[in-house]
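Here's the structure we're looking at; comments come further down.
Read-outs: derived from the displayed coordinates by stated rules, not from any lab. Worth saying up front: this structure is predicted, and the values here are computed from it rather than measured. Using ideal geometry, Cβ is built from the backbone for each residue, glycine included, and neighbour counts are taken over all protein chains shown.
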Amino acid sequence: MTTAGHTASEGDLLHRYATVRESIEKAAARAGKPADQVLLVAVTKYAEPEQILQLVQAGHRDFGENRVQQLLQRATMLDEHVSRMRAMGAVLGGDPSARSHEPIRWHMIGRLQRNKTRQVADACRLIHSVDSLRVAEELQEIGLKRDKPVEILLQVNCSGEAGKAGCPSPAVLHVVEQIHSMIHLKLRGMMTIAPDGEHAEDSRPVFQRCRELFEEVQTEGMVDPSFNILSMGMSGDYEVAIEEGANLVRVGSSIFGSTTTDDAEPNQAPETD
Ligand SMILES: *Cc1c(COP(=O)(O)O)cnc(C)c1O
């Protein structure tokens, strides 16, 4: 990272980030809500560590990963970075209310691996990818042991595609009811991934169905008011998602560019087992 001025690629990154922010603002306006009611999670699976630090420097705080190992590594890296910045701020008498002093918040958006669940729960603000009672029960155990509830979203398969991650929509009310009875979990809402489509509009009916289901859960009175997060929309369709009621979008390639590293997984849903 350069200390004097921006490198060209850094300029590109911040420009793309600003463009995404602007599109979110416009889509939020079309949905009749202020832009600050839509949380942007920057998905770092194709990002270089350097790029993540640049966004942190620019004040961004919410990041998402779909691979456990990478999430843990990057969370550690950023923790160290933020502590360093904080220490420097103290030395330099920096403004403690500045955004750069806020902790980084990680979002797990991919499939959980059994042996790493505890670490992921501790490193994350929110786990978006809980899609079965088996995973919920495992997290419930972790919440009990650490004496702090684990905040989760229920991932729902709203498109009905076979073999796709997510709780099947007909099972959602039942699963929500079960999860709600697990007192070491805090069910904050729902997440969905639209099928890969050529056009953003292809995702609209899927997002509509997910939003209807989300509202049904709310009106059935089976959840707390903190069930209020609807996570849907990626680079190709986040504007449509916001129009259809998303208040959290997960955007990767539109921010970091789509130059995939060779170890990156294809852009697809986590598998279920
Ligand atoms: C990769 C990924 C994203 C971001 O995808 P982009 O198309 O790069 O914006 C969002 N959500 C999930 C679950 C992902 O795996």
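How big is the gap, in Å, between the Cα center of the range 7-46 and the Cα center of the range 190-224?
Computed from Cα coordinates, the inter-centre distance equals 21 Å.
Calculate one ³J(HN,Hα) per residue across the range 107-121 by plugging θ = phi - 60° into the Karplus curve 6.51 cos²θ - 1.76 cosθ + 1.60, and present them in order as whole Hz with x for glycine and proline.
Per residue, the Karplus-derived 3J(HN,Hα) values read 10, 8, 10, x, 4, 7, 9, 3, 6, 10, 4, 4, 5, 5, 4 Hz.
Which GluC sites (Glu not before Pro) in the range 164-211 sit in a loop by DSSP (not H, G, I, E or B) and have at most 15 other Cβ atoms within 10 Å of their own Cβ?
Of the GluC sites (Glu not before Pro), the ones in loops of the range 164-211 whose Cβ has at most 15 other Cβ atoms within 10 Å are GLU198.
Sequence-distant or interchain residues sharing an amide H contact under 5 Å with LEU39, placed H: which?
Amide H neighbours of LEU39, under 5 Å, 5+ apart: LEU248, VAL249.
Run the lone-cysteine check on the chain: no other Cys C-beta under 4.7 Å from the residue's C-beta.
So far as the 4.7 Å Cβ criterion goes, CYS124, CYS167 stand without a partner in the chain.
Take each uninterrupted DSSP H stretch in the chain, measure its Cα extent along the helix axis, and return the ones at 18 Å or beyond whose mean Kyte-Doolittle hydropathy is at least 0.0.
Helix filter hits for the chain: 68-92.
Output ³J(HN,Hα) for the range 186-193: one whole-Hz value per residue in order, computed from phi by the Karplus curve 6.51 cos²θ - 1.76 cosθ + 1.60 with θ = phi - 60°, and x for Gly and Pro.
Values per residue, Gly and Pro as x: 10, 7, 9, x, 10, 9, 9, 10 Hz.
For GLN155, what residues show an amide H to amide H distance below 5 Å, using hydrogens built from the backbone and excluding near sequence neighbours?
Excluding prolines and chain starts, which carry no amide H, the hits are VAL130, ASP131, CYS167, MET191.
How much mean residue ellipticity at 222 nm does the chain get from its helices, if each DSSP H run of length 4 or more adds -39500 (n - 2.57) and you divide by all residues, to the nearest 500 deg cm²/dmol?
Details: 9 runs with 113 residues, N = 273.
Theoretical 222 nm ellipticity from helices: -13000 deg cm²/dmol.
Under 1.5 on a/c is rounded, so check that first for the range 8-256, then, if it is not, pick prolate when a/b is larger than b/c and oblate when it is not; a ≥ b ≥ c are the square roots of the alpha carbon gyration tensor eigenvalues.
Taking the square roots of the gyration eigenvalues as a ≥ b ≥ c, the range 8-256 is oblate.
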